[in-house]
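This report refers to the structure that appears directly beneath it.
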Amino acid sequence: MSSADSLAAVTVRAIRATDLGHMREFVQHLSRHSAYLRLLSPRTPTEDEMRHSTDVDGEHEFALVAMVVEGDGERQVGVARYVKEPEGGAAEFAIVLADDWQGRGLGRELLTQLVDAAARHGVRRLFGVTLSENRAMVALARKLGFRTRRSPESAMLMVVERELDPDM
């Protein structure tokens, strides 16, 4: 199955509060490595954090979820979100994919749609922080026009950022 074929089976939509169960299962099935790359630590999100991550207001923060049909139900295979900074038109983003969906083009699709949504919602600069060792994320960001630089706080961290065109 090609990358395009597998992506055809994915539904990308705005996350809903009713996705909490899917989010719980998604987080539980991430490998320790994938969870570490996303959270920048070995910790697991709390129930409150997961609830907050699915119950977004759409104005201050926005999230997309990638779902596939499996058996009699759906399975979450990815999530991308941004949270606006209080001032200045910037928003911080994050993205994570299920291990079995990495390297198949889903990250590019989610981040592309997130960039478009951010621009439509008035975000002028989108940025993210990732571990320097997360080469896949750094490469994806560069492919999508993000600049990359070492974080001034730690050589272990990279900042990826992109100016957005509100007319996108």
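The values are calculated or read from the model by the stated rules, or taken from the named source; none is laboratory data. Model, not experiment: these values are computed from the prediction. For neighbour counting, all protein chains shown are included, and Cβ atoms are generated from backbone atoms with ideal geometry for every residue, glycine included.
Can you find a residue in region 117-137 that is touching a strand residue (DSSP E or B) at 6+ places or on another chain (Cβ under 7 Å), under 26 Å from S154 (Cβ atoms) and among the aromatic types (F, W, Y)? There is at least one residue in region 117-137 that is touching a strand residue (DSSP E or B) at 6+ places or on another chain (Cβ under 7 Å), under 26 Å from S154 (Cβ atoms) and among the aromatic types (F, W, Y). Looking at A141, A136, just one residue is within 22 Å of S34 (Cα to Cα), touching a residue at least 24 places away in the same chain (Cβ under 8 Å), touching an Asp or Glu at 6+ places or on another chain (Cβ under 9 Å) and not in a loop (DSSP other than H, G, I, E, B), and that residue is A141.
Consider region 15-64 and keep the residues that are modelled with pLDDT of 85 or more and hydroxyl-bearing (S, T, Y). The one that is nearest to E85 (Cα to Cα) is T54.
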